[in-house]
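Worksheet: the structure to be examined is printed underneath.
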Amino acid sequence: IFMKAGIYIRVSTQEQAQEGYSIEAQTERLTNYCKAKDWNIYYKYIDPGYSGSNINRPAIQKLISDVKNKKIDIVAVYKLDRLSRSQKDTLYLIEDIFLKNGVDFVSMNENFDTSSAFGRAMIGILSVFAQLEREQIKERTSMGRMERAKNGYWHGGGFDPVGYDYINGELVINEYEAVQVKEIFDLFIKGYTINQISLILFDKGYKTKYGNWKYPSTVNSCLNLPLYIGKISYGGNLYTGRHQPIIDLETWNKAQKIYKSQSLSFQIRGSQKTPYQATTLLSGLLFCGNCGARYYCKRNTSKNRDKIAPRGYYTCYSRGKTNKKMVIDPTCKNKTYFIDDLDKIVTDEIFNLHSDKNYFDEIVNKNKNNEPNKKEILIKRLDILDKELAKIMDLYQLGTIPIELISERAENILAERNSLQAEINSLSVPKEKMGKSEVINTAKIFIQVLEKGTLREKRVLIRSLIDKIVLKDNEVIIHWSFI
């Protein structure tokens, strides 16, 4: 009876060019090895461009599934570190997945298999060396980056910083982006909040290599980047860079002093004093639920001084068409609201927070039941991408599509996958939120200042409770900051 073998092949980006590690080389050697052993190859499990530091790889996951479903009798790899560079993962796969399900494991290069006691002992020994090699690679990489920082070079990799382009291993000023960075620091020192700076740059139509300034967090990142004063940050230390600074040291120190004097949460929500005064309670918080554009305040003034001017109202930029840069869908007909009517709807909700002690719990529970779990959605998308990647590798093995086209499609999928994984990791970090007592106390203070407080005081308090408000037809959807 012929044994059904599954051959596992992995190449990381760094190893693809190394002799003997290419997909073709591993496939050829393992195929010949199986023929010599009279094993039938059930499936070729291939993970191109994946690190061996973990088992979050599409082909290894398919292999695990097939082993558990008793589809193969033996797993063969060209070399042990192709399976994993982690001692923990290696032993998990061999002992808890393969052997537990009656599947033997063979490493062709090391010339041993788990059907013998000696082979099982060698697995543990070699996996230690595989992990040691990985740790040495990390250490060498870290030392190399440290040396680059000490010599004044940016470490590179990832995204180029706004304001610079990374050319031939050095940072070169991007003049257009540098103008935007300078304006951010100038506005911040003048007293504008991070949130307001984001809106100003967005309204002006400024764009960087990564898009517009829609999110305040992008502004916040710029205010904390020592690169702009010619410094390289690495390992908690600052080194003098070779690149040209965008911001002078005096401006930087002023900005840092202001930044540190305020809590970040209130900076973004608009607690800092500013000459950029809004004229309505909810401006900056309102978004159209149909087209996604912002809402703005529109007031029609009467030419006849004896007549009372019509009431002001909030309307969608796409519908009002007063600012072409803010229009997203010119056909949008979403509802407009009189200013005092919408203000009352929102302030009534805050009144409820204070007067009804159970209302906080109702809001939180409703959000848990109705709001989709963003992390779960991203993980599902990640699973779809892994399946697409597996299909591409199947097509590659069949030889029906040119390798250039396969490489391009695989690179695009991997790029999106890496971006999704980074976002999933960021969602795993808990966001600091106000507790129930703090929320109710803030609502109480808001009620106290609603009648006699200044507009700025009201806006500061309302932004500490609400992140944004989405208007969709007759529905007013409040996104609370404490959820």
Notebook entry, point to check: Give me the pairs: first residue in segment 246-275 and within 21 Å of ILE229 (Cβ to Cβ), second residue modelled with pLDDT of 80 or more and small (Gly, Ala, Ser), beta-carbon distance under 6 Å, and six or more apart or on different chains, which are they?
Noted result: ILE246/GLY163; ILE246/ALA178
Margin query: Quick check on segment 15-24. Is at least one of its residues at pLDDT below 85, open to solvent by 10 Å² or more (accessible area, probe 1.4 Å) and either within 21 Å of GLN421 (Cβ to Cβ) or in a strand (DSSP E or B) (or both)?
Written below: yes
Margin query: Name the residue that is modelled with the lowest pLDDT, counting only residues in segment 226-263 that are hydrophobic (A, V, I, L, M, F, W, C) and open to solvent by 50 Å² or more (accessible area, probe 1.4 Å).
Written below: LEU238
Notebook entry, point to check: Taking segment 163-192, which residues are crowded, with 19+ Cβ neighbours inside 10 Å, over 13 Å from LEU223 (Cα atoms) and out of contact with any Ser or Thr (no Cβ under 6 Å at 6 or more places or on another chain)?
Noted result: TYR164, LEU171, ASN174
Notebook entry, point to check: Can you tell me which of ILE184, ILE268 is part of a helix (DSSP H, G or I) and at pLDDT below 85?
Noted result: ILE268
Item checked: Failed condition for PHE159, given (1) over 23 Å from TYR42 (Cα atoms); (2) modelled with pLDDT of 80 or more; (3) surrounded by fewer than 22 Cβ atoms within 10 Å (Cβ to Cβ); (4) aromatic (Phe, Trp, Tyr) -> (2)
Next item on the list: Could you please give the count of residues in segment 282-317 that are over 20 Å from ILE462 (Cβ atoms) and at pLDDT below 90?
Entry: 18
Margin query: Among the listed residues LYS62, LYS88, LYS70, identify the single one that is in contact with a Phe, Trp or Tyr (Cβ under 8 Å, 6 or more places away or on another chain) and open to solvent by 60 Å² or more (accessible area, probe 1.4 Å).
Written below: LYS62
Next item on the list: For segment 193-225, enumerate the residues that are surrounded by fewer than 16 Cβ atoms within 10 Å (Cβ to Cβ) and either at positive phi or in a loop (DSSP other than H, G, I, E, B) (or both).
Entry: GLY205, LYS209, TYR210, GLY211, LYS214, TYR215, ASN224
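The values are calculated or read from the model by the stated rules, or taken from the named source; none is laboratory data. If you're wondering where the values come from, they're calculated on a predicted model, not measured in any experiment. No Cβ is skipped: glycine too gets one built from the backbone with ideal geometry, and neighbour counts run over all protein chains shown. Note: areas computed on protein heavy atoms with side chains; ligands, DNA, RNA excluded. Shrake-Rupley method; radii C 1.70, N 1.55, O 1.52, S 1.80 Å.
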